[in-house]
Amino acid sequence: MLDENCVFCKIIRGEIPSAKVYEDDVMYVFKDIEPKAKVHLLAVPKDHYKLLSEADGQRLKTLAYMLEKIPAVAKANGCDNGYRLIVNQGDDAGQTVFHLHIHILGGEALPL
Ligand code: 5GP
Ligand code: ZN
């Protein structure tokens with residue numbers, strides 16, 4: 001289910017351009033527009049929901065699938081020496097786009 005007004009749903013639909021690095025039936029991975037590391041990708045489920053805390057049932061299965069796929073996607077995009085996954089949950093974490101997404105950061109040694 002996609003949301004009419006969501007920026008990531010628009011990216012998934014191709015209404016907003018993005019630098020896509022991977023796509024399949026359930027997930028879409030693209031470059032962050034304001035990279036916080038040499039490599040900064042965003043992995044999003046095609047199913048629109050706002051928060052990690054809303055993941056249950058099929059959403060958790062999709063998240064597990066994404067976590068299985070991410071290592072190969074990360075490696076193919078310059079993160080062969082490690083990477084960091086981040087999910088910002090809500091306002092205090094600085095979440096700005098309310099479509100669940102996993103940040104993939106790497107391509108260099110990251111500060112702690
Ligand atoms: P959040 O703070 O919600 O965890 O992360 C949202 C991320 O989405 C930010 O790193 C921001 O740079 C990225 N972002 C926001 N709008 C766009 C966009 O239109 N295109 C791309 N590629 N990234 C975006
Ligand atoms: Zn969305």
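The values are calculated or read from the model by the stated rules, or taken from the named source; none is laboratory data. Computed from a predicted structure; not experimentally measured. Here Cβ is always computed from backbone atoms with ideal geometry, including for glycine, and neighbour counts include all displayed protein chains. Accessible surface is based on the protein model in full, side chains and every heavy atom, while ligands, DNA and RNA are left aside. Shrake-Rupley method; radii C 1.70, N 1.55, O 1.52, S 1.80 Å.
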For this session: May I ask you to list the aspartates and glutamates whose Cα is less than 12 Å away from that of Lys31, ignoring any residue fewer than eight positions away on the same chain?
Result: none
Problem set entry | the chain, helix-only ellipticity at 222 nm - DSSP H runs n ≥ 4, -39,500 (n - 2.57), divided by all residues, nearest 500 | -7500 deg cm²/dmol
Exercise. How far apart, in nm, are the 7 Å Cα→Cβ label points at Asp80 and Asp25?
Worked result: 3.2 nm
Seminar exercise, completed: Expected unfolding gain across Ser53-Tyr65 under the 0.36 nm per residue rule, minus the alpha-carbon gap, is 2.6 nm
For this session: With a cut-off of at most 11 other beta carbons within 10 Å, and DSSP calling the residue loop, which GluC sites (Glu not before Pro) in the stretch 1-48 qualify? Please list them.
Result: Glu4, Glu15
Problem set entry | Sequence-separation-based contact order of the chain, relative, with Cα cut under 8 Å and 6+ spacing, percent | 31 percent
Exercise. Hey, what angle do you get for helix 58-76 against the long axis of the chain, alpha-carbon based, 0 to 90 degrees rounded to 10?
Worked result: 30 degrees
For this session: Let me see the pair-distance distribution of the stretch 12-64: every alpha carbon pair, 10 Å bin width, integer percents in order.
Result: 21, 48, 29, 1
Exercise. Net charge near Phe98, counting Lys/Arg +1 and Asp/Glu -1 over other residues with Cβ under 12 Å of its Cβ?
Worked result: -2
Seminar exercise, completed: Rounded to the nearest 10 Å², the 1.4 Å probe accessible area of Val21 is 40 Å²
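Only Lys, Arg, Asp and Glu count, each charged at its Cβ (+1, +1, -1, -1), so figure out the dipole size of the chain about its Cα centre, rounded to 20 debye. All intermediate terms of the calculation are to be shown ahead of the outcome.
Working: 13 positive and 16 negative charges, 59 e Å.
In total the dipole reaches around 280 debye.
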Exercise. Ignoring any ligand, DNA or RNA, what whole percent of the accessible area of the chain comes from carbon and sulfur when the probe is 1.4 angstrom?
Worked result: 53 percent
Problem set entry | Where the chain is the region considered: accessible area per residue in Å², 1.4 Å probe | 60 Å²
For this session: Quick one: of Lys46/Lys69; Lys10/Lys69; Lys38/Lys75, which pairs are farther than 19 Å apart, Cα to Cα?
Result: Lys10/Lys69
For this session: Diagonalise the Cα gyration tensor of the stretch 36-112 and give the resulting equivalent ellipsoid semi-axes, square root of 5 times each eigenvalue, largest first, whole Å.
Result: 22, 16, 9
